[in-house]
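Undergrad: Got a structure for you, written out below as structure tokens; questions coming shortly.
The values are calculated or read from the model by the stated rules, or taken from the named source; none is laboratory data. None of the values given here were measured: they were computed from a predicted structure. Here the Cβ positions follow ideal geometry from the backbone for every residue, glycine too, while neighbour counts run over all protein chains shown.
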Amino acid sequence: MTTGMASHLVRRALVQTVRLNHPTKILQLAPHIGLKSLRCICISTKLHAKRYFTEKHEWVDVKNGEGVVGITDYAQEKLGEVVYAQLSEVGTEIQQNDEIGVIESVKAASEVYSPVSGEVIQINQEVCDEPKLINESPYEKGWLVKLKLTNMEELEVLMDKDAYENHVKTLE
Amino acid sequence: MNIYWENKKWMTLSLLNDRVKQSMSRPFSSFQDLKRTCLYDFHVKNGGRMVPFAGWEMPVQYKTGISASHLHVRSEVGLFDVSHMLQTKITGKDSIPYIESLIELYHFLQMMQGGILDDLIVSKTTDGYLYVVSNAGCADKDFKNMQTKLEECKRKGMDVNLEVICNGLLALQGPAMSKVLQEGVDFDLSNLPFMTNKMTSVFGIPDCRVTRCGYTGEDGVEISVAANRAEELVNILLNSKAANVQPIGLGARDSLRLEAGLCLYGNDIDETTSPVEAMLTWTIGKRRRQTADFPGAKRILEEIKNKPARKRVGFLSTGPPARDGTPVYDETGEKLLGKLTSGIPSPSLKQNVAMGYIQSPYAKAGTKVKFEVRKKMVDAQVSKMPFVPNNYYMPK
């Protein structure tokens, strides 16, 4: 067995560990792997969820028939400092393009529309308590609601990352 | 999501892209029809986010957000471009009878229509003329009325003339204003109380009219300056060593004026509101109330005596911000009492402030009411205004 193969196997084992445990532990276990490899591992877990975008600047990460919805970085930047977020309640049945929440800045209230149909199974209470998370981390901590999707075909009309980025360019 | 600013009756603060904008059939919704102030280039260079406002392309905010800008004006000093307001000069020895008859005309029209036509500020100058600043949203209407009245007065043989002052207008507002401006004028600013004005050079730029007034509730001045030197003056002020002067957009201007309890024409007062119910009775001078020599006197005096059916008051609430148009109910949530005309989450108070009209028996500060926000009832109470104490410079 060459050293190259050995390190490959170690890395695979670590990937498993990371999936089961907390990712920061990996650096303590095997500091020689370094941050670069860690980043690879993060991407590999992300591959399980595919992100779709709407023209109106919402995103949805779809994984195992569930979708996490939020607003894009472009939207948060245009809105300015978010001071209040109101989200649909758990259990609400939502149709695609229905209002799923309202986000308010000092000057205006803006509705958020659902990219997909489904039932609200979780809301991000942290965003209700600290609305500026939407500005600080629109794709991670600033997510809004989680839905149980009822019609996977709806995803076909949504944009992927590249298409959305091109769409944003046409707005500038 | 829809990303937009609140739509007012006569103004649209829109952040939408052009395509969406064209599909909206609102006035001033297309950038190509918009006018630009002499500071347009400055705004663009400094990251101002330009939006349509009352027929003008104006900065709603700069890179600093609205809340931060707002708080900066409350704690230090900010600079606003208000060149979109109409500045006029009334000369001739009969300028005062002229402006009184114009205001009489406004009161008359007010009585015919039952509402307020506009808010404008008339300042008497020591240079033999009156200096008038009126609201950008009403500029066309005002100027037409002024010209009509002028022709009428001239026919009567009165000595009066009207000219538009094509200057830039800057508002320097905040507690550190006098520290900044004092370095640029050769008189003592403590001799310029609230609502007085002086023609002076400012940082070497001649013929500036400095009026101690504003729309933020803070001590401040408005400086009328030649259009071709406005940007130069802005840069001098922003580079002041005396205090950190920041450029401030319309967004913070609106939140500042609302905290200060000041009305926005088109929202809080318009042609359907009377000055008495708008709690603006003070605008009708004591002498004019006594002589009652203006056409609408009877009705206004009756409203003063018998109390109007509804009143403009302030409100405080927590939870979702209540915006203009929000219905106001009594404590049980059953009886509709009025509606809001302006409302924002207050950057200074960290709760929601609003103003609106409510049936007079419920207008007492402290009265508990409910707002209906997106079909849910929210607790609120009637509050005294201003929400944040005014800081005008009025030496005893």
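Undergrad: Look at segment B:21-46 and say how many of its residues are assigned to a loop (DSSP other than H, G, I, E, B) and either modelled with pLDDT of 70 or more or charged (D, E, K, R) (or both). Can you show your working first?
TA: If we filter segment B:21-46 for residues that are assigned to a loop (DSSP other than H, G, I, E, B), which is where we start, we get B:24-30, B:34, B:36-39, B:46.
Narrowing further to those that are either modelled with pLDDT of 70 or more or charged (D, E, K, R) (or both): B:26, B:34, B:36-39, B:46.
Residues that pass the stated criteria total 7.
Undergrad: Also, I was wondering about something else. Any chance segment A:133-140 includes a residue that's surrounded by 14 or more Cβ atoms within 10 Å (Cβ to Cβ) and small (Gly, Ala, Ser)?
TA: The answer is yes, given that some residue of segment A:133-140 is surrounded by 14 or more Cβ atoms within 10 Å (Cβ to Cβ) and small (Gly, Ala, Ser).
Undergrad: Which condition from (1) farther than 18 Å from B:Ser383 by Cα; (2) among the hydrophobic types (A, V, I, L, M, F, W, C); (3) in contact with a helix residue (DSSP H, G or I) (Cβ under 8 Å, 6 or more places away or on another chain) is the one that B:Leu250 breaks?
TA: Every listed condition holds for B:Leu250 apart from (3).
Undergrad: Scan segment A:131-172 for residues that are within 14 Å of chain B (Cβ to nearest Cβ), in a loop (DSSP other than H, G, I, E, B) and more than 22 Å from A:Glu99 (Cβ to Cβ) and jot them down.
TA: A:Glu172
Undergrad: What's the number of the condition A:Ala75 fails, among (1) over 18 Å from the mean Cα position of the chain (by Cα); (2) at the interface with another protein chain (Cβ under 9 Å from one of its Cβ atoms)?
TA: (1)
Undergrad: Does A:Leu144 fit the bill of being surrounded by 15 or more Cβ atoms within 10 Å (Cβ to Cβ) and under 23 Å from B:Thr318 (Cα atoms)?
TA: Working: surrounded by 15 or more Cβ atoms within 10 Å (Cβ to Cβ): yes; under 23 Å from B:Thr318 (Cα atoms): yes.
Yes: the conditions hold for A:Leu144.
Undergrad: Restricting the search to segment B:79-102, which residues are assigned to a helix (DSSP H, G or I) and in contact (Cβ under 8 Å) with a residue 12 or more places away in the chain?
TA: B:Ser95, B:Ile96, B:Pro97, B:Tyr98, B:Ile99, B:Ser101, B:Leu102
Undergrad: For segment B:339-360, which positions are surrounded by 12 or more Cβ atoms within 10 Å (Cβ to Cβ) and in a loop (DSSP other than H, G, I, E, B)?
TA: Taking segment B:339-360 and keeping what is surrounded by 12 or more Cβ atoms within 10 Å (Cβ to Cβ), we get B:339-349, B:351-360.
B:Ser346, B:Pro347, B:Ser348, B:Leu349, B:Gln351 - these are the residues of segment B:339-360 that are surrounded by 12 or more Cβ atoms within 10 Å (Cβ to Cβ) and in a loop (DSSP other than H, G, I, E, B).
Undergrad: Which of the residues spanning segment B:45-54 are surrounded by fewer than 19 Cβ atoms within 10 Å (Cβ to Cβ) and more than 14 Å from chain A (Cβ to nearest Cβ)?
TA: As a first pass, look at segment B:45-54 and keep what is surrounded by fewer than 19 Cβ atoms within 10 Å (Cβ to Cβ): B:45-47, B:49-50.
B:Lys45, B:Asn46, listed by residue number.
Undergrad: Can you report the number of residues in segment A:106-127 which are within 11 Å of another protein chain (Cβ to nearest Cβ) and more than 16 Å from the chain's Cα centre (by Cα)? Walk me through it before giving the result.
TA: The initial filter retains those residues of segment A:106-127 that are within 11 Å of another protein chain (Cβ to nearest Cβ), namely A:106-115.
From the residues that got through so far, the ones that are more than 16 Å from the chain's Cα centre (by Cα) too are A:106-111.
Here the count works out to 6.
Undergrad: Then there's this: Please identify the pairs in which a residue from segment B:361-386 that is over 19 Å from B:Ala278 (Cβ atoms) and assigned to a strand (DSSP E or B) has its Cβ atom under 9 Å from the Cβ atom of a residue that is among the hydroxyl-bearing types (Ser, Thr, Tyr) and modelled with pLDDT under 95, counting only partners at least 6 apart or on another chain.
TA: Hits for this filter: B:Val378/B:Thr318; B:Asp379/B:Thr318; B:Ala380/B:Thr318.
Undergrad: Output the residues belonging to segment B:62-78 that are crowded, with 23+ Cβ neighbours inside 10 Å and either assigned to a strand (DSSP E or B) or away from chain A (no Cβ under 14 Å) (or both).
TA: Within segment B:62-78, B:Val77, B:Gly78 qualify.
Undergrad: Something else: I need a count of the residues in segment B:264-295 that are assigned to a helix (DSSP H, G or I) and in contact (Cβ under 8 Å) with a residue 12 or more places away in the chain. Talk me through it step by step, then tell me what you get.
TA: As a first pass, look at segment B:264-295 and keep what is assigned to a helix (DSSP H, G or I): B:281-283, B:286-291.
The next check asks that each one be in contact (Cβ under 8 Å) with a residue 12 or more places away in the chain; those that pass are B:281, B:289.
Here the count works out to 2.
Undergrad: Output the number of residues of segment B:373-396 satisfying the condition of being touching a Gly at 6+ places or on another chain (Cβ under 8 Å) and under 18 Å from B:Tyr329 (Cβ atoms).
TA: Number of matching residues: 7.
Undergrad: I would also like to ask the following. Inside segment B:166-196, can you point out the residues that are modelled with pLDDT of 95 or more, within 23 Å of the chain's Cα centre (by Cα) and of a type in the set (S, T, N, Q)?
TA: Answer for segment B:166-196, where residues must be modelled with pLDDT of 95 or more, within 23 Å of the chain's Cα centre (by Cα) and of a type in the set (S, T, N, Q): B:Asn167, B:Gln173, B:Ser178.
Undergrad: Okay, next question. Can you tell me which residues in segment B:229-263 are assigned to a loop (DSSP other than H, G, I, E, B) and closer than 24 Å to A:Lys107 by Cβ?
TA: So the first thing to find is which residues in segment B:229-263 are assigned to a loop (DSSP other than H, G, I, E, B), and the list is B:239-244, B:248-249, B:260-263.
Listed by number, the residues that qualify are B:Asn244, B:Ile248, B:Gly249, B:Ala260, B:Gly261, B:Leu262, B:Cys263.
Undergrad: Need the failing condition index for B:Ile116 against (1) under 28 Å from B:Met279 (Cα atoms); (2) at pLDDT 80 or above; (3) surrounded by 19 or more Cβ atoms within 10 Å (Cβ to Cβ), just the number.
TA: It fails just one condition, (2).
Undergrad: Among the residues of segment A:66-81, what is the count of those that are at pLDDT 95 or above and either more than 16 Å from A:Gly142 (Cα to Cα) or touching a Gly at 6+ places or on another chain (Cβ under 9 Å) (or both)?
TA: 5
Undergrad: Of all residues in segment A:79-105 being more than 11 Å from chain B (Cβ to nearest Cβ) and touching a helix residue (DSSP H, G or I) at 6+ places or on another chain (Cβ under 7 Å), which is farthest from B:Arg374 (Cα to Cα)?
TA: Result: A:Gln96.
Undergrad: Right, here's the next one. I'm trying to understand the selection: among the residues of segment B:174-205, which are over 16 Å from B:Lys124 (Cβ atoms) and in a loop (DSSP other than H, G, I, E, B)? Spell out the reasoning first.
TA: Let us first name the residues in segment B:174-205 that are over 16 Å from B:Lys124 (Cβ atoms), namely B:174-191, B:200-205.
Selection gives B:Gly174, B:Pro175, B:Ala176, B:Glu183, B:Gly184, B:Val185, B:Asp186, B:Phe187, B:Asp188, B:Phe203, B:Gly204.
Undergrad: Based on this model, can you work out whether B:Leu336 counts as surrounded by fewer than 15 Cβ atoms within 10 Å (Cβ to Cβ) and either in the same structural domain as B:Gly65 (by TED's automatic domain parsing) or free of Cβ contacts under 8 Å to residues at least 40 places away in the same chain (or both)? Walk me through it before giving the result.
TA: On the way: surrounded by fewer than 15 Cβ atoms within 10 Å (Cβ to Cβ): yes; either in the same structural domain as B:Gly65 (by TED's automatic domain parsing) or free of Cβ contacts under 8 Å to residues at least 40 places away in the same chain (or both): yes.
Considered against the rule, which asks whether it is surrounded by fewer than 15 Cβ atoms within 10 Å (Cβ to Cβ) and either in the same structural domain as B:Gly65 (by TED's automatic domain parsing) or free of Cβ contacts under 8 Å to residues at least 40 places away in the same chain (or both), B:Leu336 comes out as yes.
Undergrad: Suppose we filter segment B:74-86 for residues that are under 19 Å from B:Val234 (Cα atoms) and in contact with a Ser or Thr (Cβ under 8 Å, 6 or more places away or on another chain); how many remain?
TA: Total satisfying the criteria: 5.
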